[in-house]
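Before any comments, here is the structure.
FYI, it's all coordinate maths here, none of it is from the lab. The model shown is predicted, which means the values in this text are computed figures rather than measured ones. Virtual Cβ from ideal backbone geometry, glycine too; neighbours counted across all protein chains shown.
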Amino acid sequence: MPHLDITELDATSLAHLIRHKQISPVEVTQACLARMAALDPQLQAFCTPTPELALSQAHAVERAVMRGEPLGPLAGVPVAIKDLILTAGIRTTSSSFAYEHFIPEEDDIAVARLKAAGAIILGKTNASEFGYSASGHGPLFPPTRNPWNPALTPGGSSAGSGAALAAGMCPLALGSDGGGSIRIPAALCGVFGMKASMGRVPVYPSCRDERYPGVSSWETLEHVGPMTRTVADAALMLAVMAGPDQRDRHSLPAGDTDWLAAPHGELKGLRIGYSADWGYAPVDPQVRAVVDAAVRVFEDELGCIVEAADPGFADPQDAFAALIALDSDLTGMRQMMDTLGERMSPHLRAFLQRRWTAEEFTDALRVRKQVANSLARYMQRYDLLLTPTSPVAAFPVEHHGPASIAGRSVSPGQWLAFCAPLNLSGQPAASVPAGFTADGLPVGLQIVGRHLDDALVLRASAAFEAVRPWRDAWPTLVTHLNR
């Protein structure tokens with residue numbers, strides 16, 4: 001099978017073909033590495049590629065296949081790992097000079113579970129410094145670029161993971177999401193991304209271990225989760241990664257979700273709420289039009305009852321920023337800032353230089369409760385909630401956020417409006433590709449479920465995917481490569 005055809009197969013298909021000896025895991029890995037060699041010099045999705053490790057792992061899987069040994073569900077399937085997520089023996093920089101040469105001694109739980117399932121590690125993908133920006137540029141590496149238009153951002157902070165998927169460099173990617181960092185690049189890159197309910201995928205040492213200032217941040221906000229080209233592939237990743245671990249005090253018991261069955265089933269008769277702007281957020285007119293059309297699919301083609309309704313909470317942007325500070329190791333990161341000086345990102349230095357008050361933190365905790373309670377009351381009326389994922393499509397790569405949206409001046413973090421509230425509540429939320437702007441840029445639709453109802457989010461995402469498929473939509477740079 002030609003390399004470029006292999007890179008366009010989904011992970012579920014690859015796992016099946018490898019298991020039945022119809023394709024070699026070495027051939028699959030070589031195909032991904034060839035795609036990386038062709039496109040990554042332009043896109044900068046990978047900051048630490050690991051081709052030798054990947055081929056070594058692929059050869060080990062191939063030997064296991066030929067011997068008829070038991071295989072994990074991801075045996076031979078390549079995956080890219082966000083550089084904020086710890087990987088034993090592989091450099092993990094968090095896009096900061098503070099960790100430029102850091103090689104962890106242990107894997108994050110999600111990484112360990114992917115490896116135990118037989119996944120092949122292609123390398124680490126670029127992110128903003130410590131994830132403190134929804135972009136793909138930091139001080140240590142060149143900025144990651146959007147495959148749909150390399151002059152534009154892929155979003156972040158799981159920037160490299162989104163770009164690598166959109167360019168066909170990998171069938172699976174692992175991201176993390178403290179305020180939209182899985183869903184935003186999924187939306188801007190035209191792929192699927194999901195943060196499951198808080199605690200579904202345990203997190204450790206990333207975000208949990210006090211030994212790593214900066215890396216150990218956002219404990220009450222952060223989720224680790226799948227980024228894929230299909231909903232079924234995300235369910236396959238969650239089947240591998242979900243389940244409790246004593247090292248994460250937020251982790252949830254297993255057994256209430258059949259992840260592989262979750263994407264299947266109809267939606268007819270479900271009540272769905274649609275909030276186009278939360279009642280306060282500016283939205284680009286083209287994005288709104290694409291999302292409006294996607295929402296109509298749920299009513300006209302999937303048999304749902306859709307109502308326009310806002311949850312009723314006020315803009316929590318200031319509280320969200322304070323909660324990030326509350327979760328951060330301000331002492332350790334300020335010491336790091338003093339050492340690094342201008343080698344640290346300017347926006348991060350400004351954040352660390354701010355002097356927070358106890359009242360700001362307690363007010364933020366109160367706002368979190370208000371948002372979570374408003375959403376809980378809302379979800380008593382509706383089975384699902386739909387919103388835009390991002391109020392804008394991709395913008396110039398050098399920016400951290402748009403200066404204005406729909407003619408309104410906005411602060412740098414205001415374009416995260418639709419994602420961050422779901423980190424406050426911990427609800428499951430996914431971004432599905434909803435369509436394109438007139439300039440051919442992807443737009444994402446966010447699908448939100450009730451607390452712990454991850455299965456319905458996957459089912460709704462798969463139902464939309466079935467009637468508005470996206471997996472065969474590729475950026476021009478990919479289709480040109482295939483000619």
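For the reader, a short list of remarks on this structure follows.
- The Cα atoms of region 3-482 give a gyration tensor whose axes a ≥ b ≥ c have a/c under 1.5, which makes the shape rounded.
- The distance separating the Cα centre of region 61-86 from that of region 361-424 comes to 36 Å.
- ³J(HN,Hα) computed for each position of region 463-476 - Karplus, 6.51 cos²θ - 1.76 cosθ + 1.60, integer Hz, glycine/proline x: 5, 5, 4, 5, 9, 9, x, 10, 5, 9, 8, 10, x, 4
- Sorting 330-336, 199-205 by average packing, meaning the other beta carbons within 10 Å per residue, from highest down gives 199-205, 330-336.
- Region 155-279, relative contact order [Cα under 8 Å, separation at least 6], %: 25 percent
- Remark: the chain carries a charge dipole of roughly 160 debye about the Cα centre, counting +1 on each Lys and Arg Cβ and -1 on each Asp and Glu Cβ.
- Charged-residue dipole, Cβ positions (Lys, Arg, Asp, Glu), region 1-126 about Cα centre, Debye nearest 20: 260 debye
- Overall form of region 387-439 per C-alpha gyration tensor (a/c, 1.5; a/b vs b/c): oblate
- Amide hydrogen neighbours beyond the local backbone of His223, cut-off 5 Å, H modeled: Asp177, Gly178
- Peptides 167-178, 54-65, 132-143 ranked from most to least packed give 167-178, 132-143, 54-65, packing being the mean of other C-beta atoms within 10 angstrom over each peptide's residues.
- Legend: ranking of residues Lys195, Lys82, Lys124, Lys268 from fewest to most surrounding C-beta atoms inside 10 Å; resulting order Lys268, Lys124, Lys195, Lys82.
- Of the Cα atoms belonging to region 69-140, the radius of gyration and Dmax stand at 13.3, 45 Å.
- Cβ-Cβ FRET estimate between Lys268 and Asp338, R0 fixed at 60 Å, reported to 0.05: 0.50
- The GluC sites (Glu not before Pro) of region 301-406 that meet both conditions, a loop assignment by DSSP and at most 16 other Cβ atoms within 10 Å of the site Cβ, are Glu301, Glu398.
- Amide proton proximity set for Arg468, modelled H, under 5 Å, gap of 5+: none
- Measuring between alpha carbons in the structure, the pairs from Lys82/Lys268; Lys115/Lys195; Lys124/Lys369; Lys82/Lys115 lying more than 25 angstrom apart are Lys82/Lys268; Lys124/Lys369.
- Close amide H partners of Val306, meaning residues 5 or more places away or on another chain with modelled amide H under 5 Å apart, are Ile272.
- In region 3-482, taking the dipole from charged Cβ atoms about the Cα centre, the farthest positive-side position among Thr476, Ser425, Pro202 is held by Pro202.
- DSSP bridge pairs, region 3-482: antiparallel proportion in percent, nearest 5: 65 percent
- Region 234-306 and region 328-351 have Cα centres separated by 36 Å.
- Under Karplus coefficients 6.51, -1.76 and 1.60, residue-wise ³J(HN,Hα) of region 214-222 in Hz, glycine/proline x: x, 5, 8, 9, 6, 4, 8, 10, 7
- Taking θ as phi - 60° and the Karplus parameters 6.51, -1.76 and 1.60, the scalar couplings of region 229-245 work out to 9, 9, 5, 4, 5, 5, 4, 5, 4, 5, 4, 7, 8, 6, x, x, 8 Hz in sequence order, x denoting glycine and proline.
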